[in-house]
Amino acid sequence: MYVVKSPLSDADLKIVSEALQGALVDLVDLSLVAKQVHWNVVGPRFRSVHLQLDEVVDVARAHSDTVAERASALGVSPDGRAVTVAASSGIGAVAEGWVKDADAVGTLVAALGAVITRMRERVAATGDADPVSQDLFIGITGDLEKHHWMFQAESV
Ligand SMILES: [Fe+2]
């Protein structure tokens, strides 16, 4: 069922919808991973890492909404269901249980790195098909790379 007519050709829409859907699941999973670690972090750096993780949650949630609504605006139904996120996220599974602060930082470096790699691929893939969506991916990548920098700076 098509409710919203897309301004894009079918070929361009296929490229862009795959990129938006991939970004959606990565960002939803990033928000879940950051919350999981936010709740489970322990150690001397608890407070700073605990608070920093909620900044990532806020960024991931805001951007997941942006990419989902961009898909809707193009006439593509966004799929943010848990089963879909679990099946297609680019972030590896996080172990259950308490997480030492240094390991929490490492988990976020890895998770952000994985999402950034895929987001940069989306920037490259969507430039011709839809520069408007590409612009979203560029902005999202910039925000994620800022947080990636800060967690890496805590890893030394
Ligand atoms: Fe909290």
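Just so it is clear, none of the values below were taken in a lab; they were calculated from the coordinates. A quick note: this is a predicted structure, and the numbers were derived from the prediction, not measured. Note that we place each Cβ from the backbone using ideal geometry, even for glycine, and neighbour counts take in every protein chain shown.
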* Additional length obtainable on full extension of the chain from Ala73 to Asp135, 0.36 nm per residue less Cα span -> 20.8 nm
* Structure fact -> Taking every other residue with Cβ under 14 Å from the Cβ of Asp58 and scoring Lys and Arg +1, Asp and Glu -1, one gets -1
* **Extended-chain gain in nm, criterion 0.36 nm per residue less alpha-carbon gap, Ala11 and Ala153** => 47.0 nm
* To do: Could you tally the net charge around Ala11, taking each other residue with its Cβ under 15 Å from the Cβ of Ala11, Lys/Arg +1 and Asp/Glu -1?
  => -4
* Structure fact -> Burial-style ranking of 98-108, 14-24, average other-beta-carbon count within 10 Å with highest first, yields 14-24, 98-108
* List the relative contact order of the chain as a percent without decimals, with contacts defined as Cα pairs under 8 Å and 6+ residues apart. => 32 percent
* Structure fact -> The simple spin-label model distance between Lys100 and Asp143, using points 7 Å out along Cα→Cβ, in nm, is 3.3 nm
* Asked: Around Thr126, what is the net charge, scoring Lys/Arg as +1 and Asp/Glu as -1 over all other residues with Cβ under 12 Å from its Cβ?
  -> -2
